[in-house]
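Below is one structure, written out as structure tokens, with a few remarks after it.
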Amino acid sequence: MKAEHVIEESIENKGPRKGTNLGVDAQGIQKTMKKRHYLGDGAGQVPLNAVTGLVGMVTFFYTDKIGMSAGVVGTILLLARVLDAFTDISMGILLEKTKSKYGKARPWLLWMVIPTLLSIILLFTVPKGASSTVQNIYVFITIVLATGIVYTATAIPYNSIVALRTRSSEERGKMGITRSIFGYIIGMIVAIALIPITNLLGGDQRAWVIVGAVIAVVSSICLYLAFLASKEEVTEAQVQDKEDAVTLREGLGLLFKNKYWVIMFFVLLLMNMMSVLTASTGIYYTKYILGNENLIGVMGAAGLIPVVLGFVAVGPMAKKFGLAKAVRIALILGGVAALIRCFMPYSFMGALVLGGVTSFATIPLMALSIVLINNTVEYGEWKFGKRTVGMINSGNSFGGKLGSGLGAAIIGWILAFGQYDGTLAVQPDSSILSILALTVYLPFVFFVIIYLLLRKYDLDLKYPQIVKDLEERKAN
């Protein structure tokens, strides 16, 4: 504890204090962060994306390494997802009531360091020789622990830090971009390297436990670094008298009265639906539309180029056009590319080039959505006199998880409607149409709807005056 205190004190002494001249952003709002703070904050995304990536791979681990039924595993994952809805809302309420010397959101990053370590390792320590009932119960408990409890208790406070760390949209934008880069890197490592490395170590359960333990240790260290680098600067606004405390019913009511939060709820829901479709249906497209499933690797490797370019471009775009407008411009670009692809669905080059453009177009949305969400905190406080950081982030977390679940369900429903049969070497025309709907036509629809929703998001224009009004209220 003494070492922890020394390290933390060292970082805080170097961090911005009130009165420290870090200047103001383009909107005239005081800055509070330096480069090292962005890096420390970004590291906190590693455990979240590590858990997401590993949970995406556990079906293969449970079926092929443990010998569990695929149907049972799918049911367990679905039940865990349903339970997530309750843990999200509960965590939002708990966060609003949290009080400690570190603040309300920041201490959760510290408290979740050890649970993160244990929950990741426990995913792979299934008792292999036990009965199927014991294995099923163990998997359900550890999945819920990792995703419904530890992930939720980390993600909602971590996302809330954006609203508590700074009021500057410029700094929040940089936080979102840095987090996305860290998250994308760990996500790609899990997706690309997990299977080859575990096979190199023998390919058995022991190999998965070893790799899982390494990822767990790295994730916990990154979460601790995020705790050290974070600080809740917007302290005055978060302190509320007892008579200002928000109940669950009142908090939910305030959420749905906050028009910008409602917009972002549906944007995040659709964004996650589109993300799941894109990540999960590429193999069907290359196998049955292009006729060569090995092309999925080529398309994946080529897809890294527009992703990198997207991360390079999103900062300058946000600075020049503003957050929401930068996202809208990218969505127009992605929508045009997706529309053109609808007229050449069987073209490999079309999929490679136009698909790359759509990948590029999703990066600003992915990187800046967390900022657009947390900026609604100030709007809600300005409009209704209540600052509901936890409820806003838990509500949007639920929307994201709901979108992921609906996306996965839509894949199954559309394939089933098209009479897809994975045992057939040649699919009927109805199945081909269903695959094209998932991989070519629906992405265009998502781009259009998300763009139309964000046309109503004009908070960027009002935000500087809102912050000024809030500061004046506090001064008075």
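The values are calculated or read from the model by the stated rules, or taken from the named source; none is laboratory data. Bear in mind that the values here come from a model prediction, so they are computed numbers and not experimental data. Every residue, glycine as well, gets a Cβ built from its backbone with ideal geometry; the counts of neighbours run over all protein chains shown. Note: areas computed on protein heavy atoms with side chains; ligands, DNA, RNA excluded. Shrake-Rupley method; radii C 1.70, N 1.55, O 1.52, S 1.80 Å.
Looking only at region 373-385, count every residue that is of a type in the set (D, E, K, R) and crowded, with 18+ Cβ neighbours inside 10 Å and tell me the total.
Qualifying residue count for the region: 2.
Residues are listed down the side, and each one gets a yes or a no for (1) modelled with pLDDT of 95 or more; (2) crowded, with 19+ Cβ neighbours inside 10 Å:
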residue: Arg179; (1), (2): no, yes
residue: Tyr184; (1), (2): no, yes
residue: Met188; (1), (2): no, no
residue: Ala193; (1), (2): no, no
residue: Gln205; (1), (2): no, no
residue: Val218; (1), (2): yes, no
residue: Ile221; (1), (2): yes, no
residue: Tyr224; (1), (2): yes, yes
Within region 53-68, considering residues that are assigned to a helix (DSSP H, G or I) and small (Gly, Ala, Ser), the one modelled with the highest pLDDT
Gly53
Any idea which of Gly310, Gly356 is open to solvent by less than 50 Å² (accessible area, probe 1.4 Å), over 30 Å from Lys259 (Cβ atoms), at pLDDT 90 or above and in a helix (DSSP H, G or I)?
Gly356
Selection from region 127-152 of residues in contact (Cβ under 8 Å) with a residue 24 or more places away in the chain and either farther than 30 Å from Gly400 by Cα or hydrophobic (A, V, I, L, M, F, W, C) (or both) yields Lys128, Ser132, Val139, Phe140, Ile143, Val144, Leu145, Ala146, Ile149, Val150
Regarding region 383-401, can at least one residue be identified that is within 30 Å of Tyr288 (Cβ to Cβ) and assigned to a helix (DSSP H, G or I)?
yes
Count of region 1-45 residues which are among the small types (Gly, Ala, Ser) and at pLDDT 50 or above
7
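Conditions tested, residue by residue: (1) closer than 26 Å to Ile340 by Cβ; (2) surrounded by fewer than 20 Cβ atoms within 10 Å (Cβ to Cβ); (3) in contact with a Ser or Thr (Cβ under 7 Å, 6 or more places away or on another chain).
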| position | (1), (2), (3) |
| --- | --- |
| Met366 | yes, no, yes |
| Val371 | no, no, yes |
| Phe398 | no, no, no |
| Gly403 | yes, no, no |
| Trp413 | no, yes, no |
| Pro428 | no, yes, no |
| Leu433 | yes, yes, no |
